[in-house]
Each structure stands twice: as structure tokens, then as C-alpha cells.
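Peer 1: Supplied in C-alpha cells, the structure appears directly below.
The values are calculated or read from the model by the stated rules, or taken from the named source; none is laboratory data. Small disclaimer: the values here were computed from a predicted structure and weren't measured. So basically every Cβ, Gly included, is an ideal-geometry build from the backbone, and we count neighbours across all protein chains shown. For the accessible areas, the whole protein counts, side chains as well, though only heavy atoms, and no ligand, DNA or RNA atoms are used. Shrake-Rupley method; radii C 1.70, N 1.55, O 1.52, S 1.80 Å.
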Amino acid sequence: MRLLIVSDAWLPQVNGVVRTLQATIAELERRGHEVSVISPEGFRTVPCPTYPEIELAVLPGREVARRMERARFDAVHIATEGPLGLAARRYCLRRGLRFTTAYHTAFPEYLQARIPLPVNAGYSFMRWFHAPSRAVMAPTESLRQRLRGRGFLNLRHWTRGVDAELFRPRQKDYLSDPRPIYLCVGRVVVDKNIEAFLNLDLPGTKYVTGSGPQLAKLKARYPAARFTGYVDDATLAQIYAAADVFVFPSRTDTFGLVLLEALASGLPVAAYPVTGPLDVIGDSGAGCLDADLGRAISQALEIAPERCREHALGFSWAAATDQFVANLDAIANGQMWAGVS
């Protein structure tokens, strides 16, 4: 199969969307599929308001159309709802081409956290964007239930995986701070709710790994915490394995790849009982979910690393890619045109 992926999120960005696409493309190519990507690379871009690390293409419609006219593909997957995604959606609709989409980001909630816009307005846009999609891929059942309640159609399952060779248990001596060591990994932005973690009165040491627009502010406000900023994957794997508990304070993530990375490293999870943790942890016993995050942390410290690792091994990028390919079947194999059933 020849697949064209359109994504506003791409390298050098470091986030769950990019990591998911990279892992999926690698698995697809390993199986012999041909994958091409339309990303912000080569377009004139501007920093995204409130999140300058993300570069958005400026008026990309003509260039996206030109690239799509030139490309050879059996299926189109639109990964994001930004300028490139909008341009690709418009191109497909004008030419009667089928396409799939993915619901990676809780855009309405993220937008509401930054500007005073009703969450219903965000969902109206997202529902409009995904309505023509032949398969709206979402990673968890609780998210799909929420989207169904918001009027989304054609919802399909596309889970996530973890590199269990990179993220694995190791010696704890990589970090020498007073224990327990509590670790939070992710973009340092308001919607990750990191301050809910940093405000907790806990013995030991708090670590935050990741970069983002809130990093300088949080470093100044919480001088006792350790902020590593961005680190490469090899260093990240060492940090995971050296910590004692993984704290996931986000209430808006649609999945949370970092949950699997932590678990594969033998690190128990403490989180709120919300979409993402509810689906990844569930009743596995590999973490504790509680409306009281401090209590969840205390209980998670008692979980054996072996239990965490065993649960994480149930998630693989091979299985996730099987689901992704199955979701493309309706528009692949020469059935790209909307008028063909």
C-alpha cells in the first residue's frame, strides 16, 4: 500500500502525535508499505500562539494541493486539524477522495485552558473537521464514548505501543537525589496540569522532564524540584528507570504514551481516574488512580516493578499498526474515490 500522511505535528517537535506517527511509519515501512508525509517542512511557518515550539504552515492550500497532485497513493490519512490538515481535507473533498483522520489531541479542552472560549465551540469545529472522515481513529474506549456523546461518527480503535527494548528496568543509581523520586514527563504546558504535582507536599525529590512555554515559570516558582528540560530518548529511559513512581497529573490527554514508557521501565503510575489512565492502567494493578493525587502516589509506591513491566508488554507498535492498517482498508486497494463502495 502507498500511504500519504498529512500532519501539522512533525519533527523537531517532541510530543505524542509525532512519536506515534514515527513509530507507526517505521512499522509500516518494515512491512513493505510506502509512506510519504506532508509536514510543515518546506512551508513558510509561524509559531503557534501560546505554544511557539509548534510551527504552523501559513496559507498552505496551493502547495498542499500541488504535492497531493504529484503524489501517488492508495490512501490518505490526515493526522491533525491544523492548516495542513485543513488544506488536505479540502483537497480530498473537492476531488471526491476518501480519507481517514485521527483524534490525537483534546483540542477543545486545550484551547479552553489558553483562551476564554467555550469548550462546545471547540467540539463544534472538531466535529465539523472529522465528519467526512471514513474512519476517525481514537486510542481509547473512554475517548470514543466521549466523542460519540458529542456527535462524532465513524469512530475506530487505534491504540498505542511502546519500545520495550529502550524503556526497560535498569539500576536506580542514575539519579542520586533523596528518595522517593517522583517523575513527571511531558510537555511543560498549562494543560498538562504539572502544578498539581508540584504543589504536593511529598518527602523525597520531584523531577519534571520535558520542555515547553511554562518551563521558566515553573522553575522559578518551584526551586526545590529538578527540571531537566528536553532530554534524548536514551537519557529519558535512564531517568524513567531510576525514579520510584511516575506521576501523571494531566486530566486532558487522550492516551499518554509516557504512561507506557514508564510502565515498561518498571515504574508504577499515579494519576487521576480520567481518559488515558483509566484505559491504560484500568484494573491491571500497575498503577493507582485517585481523585487525590497524593494518595495515588503513596499507594503506587507499593507496587512491584515486575507488575508494571508485565502490563506494558501487552502494548506493542506491531499490534497498534495492525489496527491502523485495518482502518485504512475501506479506502485502500484502489477504492480511494468516495463514489466507489
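Peer 1: What is region 218-267 by shape, rounded, prolate or oblate, if you read a ≥ b ≥ c off the alpha carbon gyration tensor as root eigenvalues and call it rounded for a/c under 1.5, prolate for a/b larger than b/c, and oblate otherwise?
Peer 2: Oblate is the answer for region 218-267, as a/c is 1.5 or above yet b/c matches or exceeds a/b.
Peer 1: If you fit an axis through the alpha-carbon atoms of helix 317-328 and take the longest principal axis of the Cα set of the chain, what angle between them do you get, 0 to 90°, nearest 10?
Peer 2: In the chain, helix 317-328 runs at an angle near 30 degrees to the longest axis.
Peer 1: Starting from the Kirkwood radius over alpha-carbon pairs of the chain, derive D by Stokes-Einstein at 25 °C in a medium of 0.890 mPa s and give it in µm² s⁻¹.
Peer 2: This corresponds to a translational diffusion coefficient of 118 µm²/s.
Peer 1: Expected output is a single nm value to one decimal: the length gained when fully extending between residue 124 and residue 93, i.e. 0.36 nm times separation in residues minus the C-alpha distance. What is it?
Peer 2: 9.3 nm
Peer 1: Now, a different point. Which whole-number percent is the relative contact order of region 154-208 (Cα, under 8 Å, 6+ apart)?
Peer 2: It comes to 40 percent, rounded to a whole number.
Peer 1: Something else now. Taking N as the number of residues in region 1-152, what is its Cα Rg relative to 2.2 N^0.38 Å?
Peer 2: 1.03
Peer 1: Explain nothing, just the number: relative contact order of the chain, from Cα pairs under 8 Å at least 6 residues apart, as a whole percent.
Peer 2: 17
Peer 1: Separate question: Taking region 77-126, which trypsin sites (Lys or Arg not before Pro) meet the DSSP loop condition and have no more than 14 other C-beta atoms within 10 Å?
Peer 2: Taking region 77-126 and a limit of 14 other Cβ atoms within 10 Å, the loop trypsin sites (Lys or Arg not before Pro) found are 95.
Peer 1: Residue 97's amide H: which non-local residues (gap 5+, or another chain) put their own amide H closer than 5 Å, with H modeled 1.01 Å from N in plane and none for Pro or chain starts?
Peer 2: Placed amide hydrogens put 338 under 5 Å from residue 97.
Peer 1: Which whole-number value in Å² is the accessible area per residue of region 189-341, probe 1.4 Å?
Peer 2: Per residue, region 189-341 has an accessible area of 40 Å².
Peer 1: Tell me the angle of helix 119-130 to the major Cα principal axis of the chain, expressed in degrees between 0 and 90 and rounded to the nearest ten.
Peer 2: 50
Peer 1: Express the carbon and sulfur contribution to the solvent-accessible surface of the chain as a percent, rounded to the nearest whole number, probe 1.4 angstrom.
Peer 2: 52
Peer 1: If you average the C-alpha positions of region 197-227 and of region 251-321 separately, how far apart do those two centres end up, in angstrom?
Peer 2: Cα centroid of region 197-227 versus Cα centroid of region 251-321: 21 Å apart.
Peer 1: Express the accessible area of region 1-146 per residue in Å², computed with a 1.4 Å probe while the remaining protein chains stay in the model.
Peer 2: 45
Peer 1: Okay, next question. At what distance in angstrom do the alpha carbon centres of region 74-142 and region 1-48 lie from each other?
Peer 2: 16
Peer 1: Next question. Between residue 326 and residue 29, take the C-beta separation as r, use R0 = 22 Å, and let me know the FRET efficiency to the nearest 0.05.
Peer 2: 0.80
Peer 1: Okay, next question. Could you grab the Rg to Rh ratio for region 52-138? Cα atoms only, Kirkwood for Rh.
Peer 2: Answer for region 52-138: 0.99.
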